[in-house]
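Below is one structure, written out as structure tokens; comments come after it.
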Amino acid sequence: MHFRAQKKTAQDVSLSDYIETGTDGAALSLMDVVAEDCDLLEQVANKELAQHLRWAMDTCLTEQERQVIDLRYGLTGSMPCRQREVAQITGISRSYVSRIEKRALEKLRAALEH
């Protein structure tokens with residue numbers, strides 16, 4: 001009985017098992033390989049989503065709508081701004097910023113659903 005149980009688990013592999021040693025002498029575990037692959041897939045998916053969003057923004061939005069969305073959500077690499085801050089930067093009222101943002105998000109939602 002004991003030998004049968006051990007035979008069943010002989011092929012089991014732990015994620016913490018080391019599978020090889022790199023040229024620098026550091027051990028590489030199975031978890032390292034699996035985790036990198038998941039991260040890579042997630043990075044590719046995020047990049048594709050960002051490219052699709054940028055395409056939708058460039059084709060569906062007016063220049064003013066693009067500017068408001070960029071500022072509100074920090075898409076140009078800066079920190080996201082509040083509607084009041086966007087209003088000050090663009091020289092329009094906060095309520096108009098709100099309307100522009102709402103209209104732009106509806107356009108983007110429609111474009112991204114297709």
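Bear in mind that the values in this text are calculations on the coordinates, not laboratory data. Quick caveat, the model's predicted, so the values are computed rather than measured. Here the Cβ positions follow ideal geometry from the backbone for every residue, glycine too, while neighbour counts run over all protein chains shown.
Once the piece of chain linking residue 92 and residue 17 is laid out straight, how much longer is it, given 0.36 nm per residue of separation minus the C-alpha distance between them?
21.0 nm
Using R₀ = 22 Å, calculate the FRET efficiency as 1/(1 + (r/R₀)^6) where r is the Cβ-Cβ separation of residue 103 and residue 40; round to 0.05.
0.05
For the range 17-113, what log10 I(q)/I(0) values come out of the Debye formula at q = 0.11, 0.17 1/Å, with one point per alpha carbon and no solvent?
Relative scattering, expressed as log10 I(q)/I(0), comes to -0.50, -0.77.
Which order do the peptides 68-75, 41-48, 88-95 take when ranked by the mean count of other beta-carbon atoms within 10 Å per residue, highest first?
Result, highest mean first: 68-75, 88-95, 41-48.
Once label points are set 7 Å from the Cα along Cα→Cβ at both residue 78 and residue 26, what is their separation, rounded to one decimal in nm?
Placing both labels 7 Å along Cα→Cβ, they lie 3.7 nm apart.
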